[in-house]
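Have a look at the structure below before the remarks.
Derivation of every value follows stated rules applied to the coordinates shown; laboratory data play no part. Bear in mind that the values here come from a model prediction, so they are computed numbers and not experimental data. Neighbour counts run over all protein chains shown; Cβ positions are idealised from the backbone, glycine included.
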């Protein structure tokens, strides 16, 4: 019996959660999942299987009974392996005893960092187009998101000038993601150094999500954590999902100065306890023999990147050259349709799925995210279909 | 290895147009480089990889370990190339370890392979001994699994 004054289900939901719109990706997913025989350029995870030696060693660890909790920080053996890897690949050195926290993917690591650092009302700067979670995660942590829009004409780079326009006395954090999902943009060393100067000048903390770092095709990957004077104010996030094709293992890590790690650990300890033990074992194996797997996958993505890049040029769709990750972000604004209309029509008429750019922020309107984490055969066919589609639209 | 060769090793039917797109080259350059590799003998042929078990050919393949005496002039090479010229011999490798040559020999049945071994192979001067094993099933050949891979189980759209 409903008594007067009782709440509707909607009212039970916390205001700051209720007000966040559903992810545009989910809407699109619902439509795509009802369709058969589509070629999907919409998948944000590797098409490669997890390297066999990693899977085999996971099975072995289960047989040996590695099925209990680990230390809250994660297995020390894994943290040591992470420290060696981060030092070698990212040129940033962390103490495995106190400065590394193993998490359930970078997703958890980011959530921990935001919850551990944000006081209600603190401003967090982040750049769009970006991964769909950032804005929501900041709001869940009671921070105030401040968007910095990157643009196609700058190849979606983030520059100091853009940041200076948005910084206020309330700004506490800057959230970075390069190589970028969805644009494929990377940052040259000069930009990273200038952003580092900016962070120091305004005394900001930087959270850097470098999950796609190994998938860099042109030039070097420069981590902001490696810039002198930045380690002290940087939370470096990385994981195994992309470079080792281990998405379902859900394993990532945060590296940060000891006091910040301790703060994140506090949240982690009371909400997650520890990352899954079998995934930690798998990650140790992945790091003991990483180069071969990663190099092979990168070479394959590189070829696909080139193929897409040239295909878009040939069909006359402007696309800034994707330099990292496995996404291309062509401009379809000249076709007389919105991103969503374009994506739906492409799906309907040619059975190719790609995500409307505005799912990654308002400034992604007019673009389409095409993930090339699918076989070369699929890519060839998808490009042939898209070319046909674009020609028809132009008539 | 040259990326071009890696692509062809994976799929010899890949068109020069597609290879050009993958490697960011001109089509003419791709064609010229393939022709050059063929001329130099780096590329020695193009073959389809078959799952012969599916074809029910009734053929047998034997793996044969052969011990030989190296000749004073020519070492192992002379005798190996003599063996290699038999049409029954599919592959032949010089090995380190307990024997010298490893042969893959195909025939229409056990008897045909047996007679090749006893009448042709074992009688060659310099062949000391042979040990023949018959292949029962192929699981993987030239890097290709013979079982059909499972379907893509990933979500069709993900962030």
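Starting from the coordinates of the alpha-carbon atoms of region A:211-362, obtain the Kirkwood hydrodynamic radius over all distinct pairs and give the value in Å to one decimal.
18.7
Cβ crowding within 10 Å, taken as a proxy for footprinting-reagent exposure, orders B:30, B:63, A:17 from fewest neighbours to most as A:17, B:63, B:30.
Dividing the mean sequence gap of close Cα pairs (under 8 Å, 6+ apart) by how many residues region A:52-288 holds gives a relative contact order of 31 percent. Fully extending the segment from residue A:23 to residue A:88, taken as 0.36 nm per residue of separation minus the present Cα-Cα distance, adds 19.8 nm. Pop the C-beta distance of residue B:81 and residue A:384 into the FRET formula with R0 = 41 Å and round what comes out to the nearest 0.05. Efficiency at R0 = 41 Å is approximately 0.30. For the pair residue A:136 and residue A:321 in one chain, pulling the backbone fully straight at 0.36 nm per residue adds 63.8 nm over the alpha carbon distance. Sorted fewest first by neighbouring Cβ atoms within 10 angstrom, A:89, A:240, A:367 come out as A:89, A:240, A:367.
Once the Cα atoms are used to define both axes, helix B:27-40 deviates from the longest principal axis of chain B by about 10 degrees. Applying the Kirkwood pairwise sum to the alpha-carbon positions of region B:52-137 produces a hydrodynamic radius of 13.3 angstrom.
Here the label points at residue A:97 and residue B:129, each 7 Å from Cα along the C-beta direction, are separated by 6.0 nm in the simple model. If you take the Cα centroid of region A:281-312 and the Cα centroid of region B:79-156, the two points sit 34 Å apart. Bins of 20 Å, beginning at zero and ending with the bin holding the largest distance: percent of Cα pairs per bin for the protein assembly as shown, please. That works out to 18, 44, 27, 10, 1, 0, in percent per bin. Taking other C-beta atoms within 10 angstrom as a stand-in for reagent exposure, B:129, A:57, B:115 fall in the order B:129, B:115, A:57, fewest first. With the simple model of a label 7 Å out from the Cα in the direction of the Cβ, residue B:13 to residue B:137 spans 2.7 nm.
Using Cα pairs under 8 angstrom and six or more residues apart, how large is the relative contact order of chain A, in percent? Reported as a whole number, the value is 24 percent. Take the Cα of residue B:155, step 7 Å along the line toward its Cβ, and report every residue of region A:114-145 whose backbone nitrogen sits under 19 Å from that point. A:130-138, A:140, by backbone N distance to the label point.
Peptide A:40-51 shows a mean partner chain C-beta count of 3 within 10 Å per residue C-beta.
Between residue A:164 and residue A:77, the simple label model (points 7 Å from Cα in the Cβ direction) yields a spacing of 5.2 nm.
Rg/Rh, computed from the Cα trace of region A:131-193 with Rh as the Kirkwood radius, has the value 0.96.
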